[in-house]
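Below: one structure, written as structure tokens.
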Amino acid sequence: MFEFLTRKRVARLCCTLLCVAALGAQSSPGSAEPDVIKLRTGRAVVLRAKADVYRTAVVDAAICDIAQFTPRELSLVGKGVGQTQVTFWFDDRRLAPQTYLIDVQF
């Protein structure tokens, strides 16, 4: 089951994933924390990237899971309460990998 979000929230989440990646922004050591994406257990959010995602990683799979439907469409699923990080790598090697903090609440 997917959590239906407001258009504003979906736009913000997509912008977080897509716009930063499109600019090729890269955080340097000691810089600000990664962007946070909030989920609820048993709920999901669909993200659409502007570049093909060829690899993903989740630090703690008991908290969050990633389902990739197409090279540019992914779903983040809240599995358990807690925080973890996810990282996305893009086919376009000019784009830096992007890491996000996933905060899953009950």
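The values are calculated or read from the model by the stated rules, or taken from the named source; none is laboratory data. Just so it is clear, the model here is predicted, and its values are computed rather than measured. FYI the Cβ positions are ideal-geometry reconstructions off the backbone, even for glycines, and counts take in every protein chain you see.
Here are the numbers for this structure:
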{"quantity": "Of all residues making up segment 35-78, the number that are over 25 Å from ARG94 (Cβ atoms) and of a type outside the set (A, V, I, L, M)", "calculated": "10"}
{"quantity": "Only one of VAL86, VAL77 that is among the aliphatic types (A, V, I, L, M), touching a strand residue (DSSP E or B) at 6+ places or on another chain (Cβ under 6 Å), more than 16 Å from ASP35 (Cα to Cα) and buried (at least 18 other Cβ atoms within 10 Å of the Cβ)", "calculated": "VAL77"}
{"quantity": "Given (1) more than 15 Å from the chain's Cα centre (by Cα); (2) at pLDDT 95 or above; (3) small (Gly, Ala, Ser), number of the condition GLY78 does not satisfy", "calculated": "(1)"}
{"quantity": "Residue ranges of strands (runs of 3 or more DSSP E) in segment 39-82 with at least 3 members in contact with an Asp or Glu (Cβ under 7 Å, 6 or more places away or on another chain)", "calculated": "44-48"}
